[in-house]
Amino acid sequence: MFTEGFSVHYSPLNFLGNKTQGVITAIKNQDEKIVKKLLAMGFHVGMQITLEQKFPVFVIRAGRTRIAIDKDIASSIKVRVSNRN
Amino acid sequence: MDCHDCHKSCQPKPQNSVWKLLGFGSKKSAKSNFSRHSHTTIALVGSPNVGKSLLFNLLTGTYVTVSNYPGTTVEVAQGNRIIAGEKVTFFDTPGMYSLIPITEEEKVARDLIMNETLDLVIHVVDAKHLGRMLNLTLQLIEAELPVLLVVNMMDEAKKLGIWIDENQLANKLGIPVVTMAAAQKVGLKKLIAKVADYVQSTLLCVTY
Amino acid sequence: MSNQLFYVSPIEAAITRIESLLDDTHNPISRRSIALLLLQKDPILSSQLKQEPYFPEIERIIAHTQEYFSESLSLAIAQSRHQLAMAIEQDVIIQPQEQRTFQYEWLHKLTVHPVSGIPILVLVLYFGVYQFVGVFGGGTLVDIIEGFFESEINPVVNSIVAIIFPWQVMQDLFANDYGIFTLGIRYAVAIVLPVVTTFFLMFSLLEDSGYLPRLSLLADRLFKTIGLSGRSIIPLILGLGCGTMATLVTRTLESKRERIIATLLLALTIPCSAQLGVILALLSVEPTALFVWATVMVTIFLGIGFLAGKILPGKAGCFYIEIPPLRLPRLQAILTKTYVRLKWYFAEILPLFIFASVLIWAGKLTGLFDVLIRGLEPVMLWLGLPKEAAPTFLYGFFRRDYGAAGMFELHSSGILAGQQLVVAAVTLTLFIPCIAQLQFMLKERGVKNTIAITSFVVLFAFSLGYILNQLLTIMEVGF
Ligand SMILES: Nc1nc2c(ncn2[C@@H]2O[C@H](COP(=O)(O)OP(=O)(O)O)[C@@H](O)[C@H]2O)c(=O)[nH]1
Ligand SMILES: [Mg+2]
């Protein structure tokens, strides 16, 4: 599952810094339920997201949607970073 | 294991008419009550927090709790309204994101649409999140359920500069679409008219 | 339909094959849809169809299809759907290039940032729960209405009843110390009504503003340590209003494990508003007492939650919540909601109050209560309480707030003071929830869990009361 490796531009959401923008490249988790949940809530590969906050939980914004997720779920979203500040 | 049993056993007893007042559900289990109905039955479904309960209140005059957070409605509530001279029963459901349920309360909505023959499923979506929410619309269409799409929260969308072409959307999906702002009762008449069309057409089907 | 949704070819092939296997039972949903659900390993459908002779074949098809994909089939299916959904959105929506931000964006930032969010949370709880519900509802309003009952209504009722019924027994049923009117209705109207009303008002305001999801976001880390997720803070806060309602709302939690922990914490540690109002009003005269009570309750909440989280199998539920925009609540909506909840609450509890009054009357009449109370008296002494507190505990079983209200009485007549007050407050808060909550625990969690939780709660309440009393005595805490 680490074919993308830990290269900076292709990392799980929980390794990114605040205010990073990126595109979802994969959604993977041991727990199929979590993947289904994310899919159902409208996350999908190719989606543009912004990481707004990392503590106490991850707050991400995709378009006009804002969702809070814990680290476990965040780690299942792989992102290609498109801008970092 | 009793996750599965629970759903059935925890339907409030019929004597608890106070239930629907709380907004946590109807007094009767949808299951036992309307399997053999002669009148039109319509379910309101959709993601949490899109305005289903508010719309249900407007349509039926039966109060169920409306709140600005997901997870307020945990059971099916039921209420009636006379539309086109016919008694129409509406069901308010807990939120569901997709046909595959994750939590117990999502299962309630799915059970309703999977196990009962409904005359119409009104899918309520938030105009601000149209694309994301069309997911479920597509699934409902795929299931060949009779679907009507309500695009709600148009007031908030307008504030963000968003405009949605209702007719174009109806064409694309091949189902009736109504844009609304339930909080301001905008679009309610239009919705009722569309439902009336529907009621009349099903009546014709039955008669001939 | 002009926009038929097609999936990638291996999935379409699998759909066709599964469709041909399915028999034409009268299913409200299409076979295509059923095939897709099976491909996404929908647990409910899978278990329904498990018995069918063709099910192994379906499993083979699914396994075979999976070989084409590195990701799960659910993902592949969802991906096609998203693409179509997004394409449709593009076609029908007109939106500004530059995305406008929501109203109250700054307020959102303040409420979710831990540095500003936690102080805001503390302020909300302090003003919303303590000041408004506890001090204003449970103090000021209760005093006014209670006073009115004591001076205006009860004497009138007593004398009218005395005229109608010449027999003492019947008089006691309706009036005097434990009568339906003088006790049942009075408690409901004078003590419970103001507290519950103020609580529901506050809760509705929080609900409609959209603050609650933000609250659960802030609480998630802490709640993970007690085997719950941030989501559970909503039923737990609601439990501060009415544990019965809250027990029902635990249904929105993800796993059975979370639902059991939340139910246990609701039964054991969360005082309902009626109880909270009385306790806050009682203890606020002695700040140390209030402090000890609060510390003990928070410690038990975290401690028991932590242990339950460790003992129950499984891991803490995952946390995800959509954050809706903050909205300015409409007064009309809040008032309606409060009114509706109050109506529910009273339809639910008034009969219980009356029932309890009748039961107490019958219990006293037959001498059964005296036996029970005498049985409880040693326990009271063991807890360092006066034996007059025994009836309070017994009635407390019928309704938690009833017990607390009884304490109110004991305190105002000077029987219960200082350390005893703290011990009684803690024990009563921990003690079994009211009958209504018990009834809903049965419905939601089943007989086995309810019996386990209830027996634990009773044992724990008294043991902790004992330990607390010993500790306070040893440490010579003065009140
Ligand atoms: N601005 C606006 N708010 C709405 C509209 N419809 C519903 N709401 C609000 O959205 C929130 C969620 O409504 P609710 O009916 O509980 O949603 P449900 O979870 O789908 O049942 C509530 O705060 C409503 O007042 C609308 O058209 N415009
Ligand atoms: Mg609702």
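Of the residues in the range C:345-375, how many are touching a residue at least 60 places away in the same chain (Cβ under 8 Å) and either among the aliphatic types (A, V, I, L, M) or within 16 Å of ligand 2 (Cβ to nearest atom) (or both)?
8
Looking only at the range A:21-56, count every residue that is within 24 Å of B:Glu106 (Cα to Cα) and not aromatic (Phe, Trp, Tyr) and tell me the total.
17
Working only within the range A:46-63, note down all residues that are at pLDDT 85 or above and within 14 Å of chain B (Cβ to nearest Cβ).
Listed by number, the residues that qualify are A:Gly46, A:Met47, A:Gln48, A:Ile49, A:Ile60, A:Arg61, A:Ala62.
Quick check on C:Glu89: is it out of contact with any Pro (no Cβ under 7 Å at 6 or more places or on another chain), part of a helix (DSSP H, G or I) and more than 14 Å from every other protein chain (Cβ to nearest Cβ)?
no
Determine which member of the set B:Ile175, B:Ile82, B:Ile164 is over 15 Å from the mean Cα position of the chain (by Cα), within 14 Å of chain A (Cβ to nearest Cβ) and hydrophobic (A, V, I, L, M, F, W, C).
B:Ile164 is the lone residue from the list that is over 15 Å from the mean Cα position of the chain (by Cα), within 14 Å of chain A (Cβ to nearest Cβ) and hydrophobic (A, V, I, L, M, F, W, C).
Would you pick out the residues in the range C:246-264 that are in contact (Cβ under 8 Å) with a residue 40 or more places away in the chain and within 16 Å of B:Ser67 (Cα to Cα)?
none
Give C:Ile44, C:Ile94 a once-over and let me know the one that is among the β-branched types (Val, Ile, Thr), within 11 Å of another protein chain (Cβ to nearest Cβ) and closer than 30 Å to B:Asp165 by Cα.
When all the criteria are applied, what remains is C:Ile94.
Check off (1) farther than 24 Å from C:Leu253 by Cβ; (2) more than 14 Å from ligand 2 (Cβ to nearest atom); (3) away from chain A (no Cβ under 14 Å); (4) not acidic (Asp, Glu) for B:Ile122 and give me the number that stays unchecked.
Here B:Ile122 clears every test but (2).
Only one of these is away from chain B (no Cβ under 13 Å), under 20 Å from A:Ile24 (Cβ atoms) and polar (S, T, N, Q): C:Ser80, C:Ser70, C:Ser9, C:Ser74. Name it.
C:Ser70
Go through (1) of a type in the set (A, V, I, L, M, F, W, C); (2) part of a strand (DSSP E or B); (3) within 23 Å of C:Ile77 (Cα to Cα) for A:Ile34 and report which single condition fails.
(2)
At least 2 residues that are in contact with a strand residue (DSSP E or B) (Cβ under 9 Å, 6 or more places away or on another chain) and under 17 Å from B:Val45 (Cα atoms) in each: list the helices (runs of 4 or more DSSP H) lying fully within the range B:77-172 that qualify.
B:104-115, B:130-142
The values are calculated or read from the model by the stated rules, or taken from the named source; none is laboratory data. Computed from a prediction, not measured in an experiment: that's the story for all the values here. FYI the Cβ positions are ideal-geometry reconstructions off the backbone, even for glycines, and counts take in every protein chain you see.
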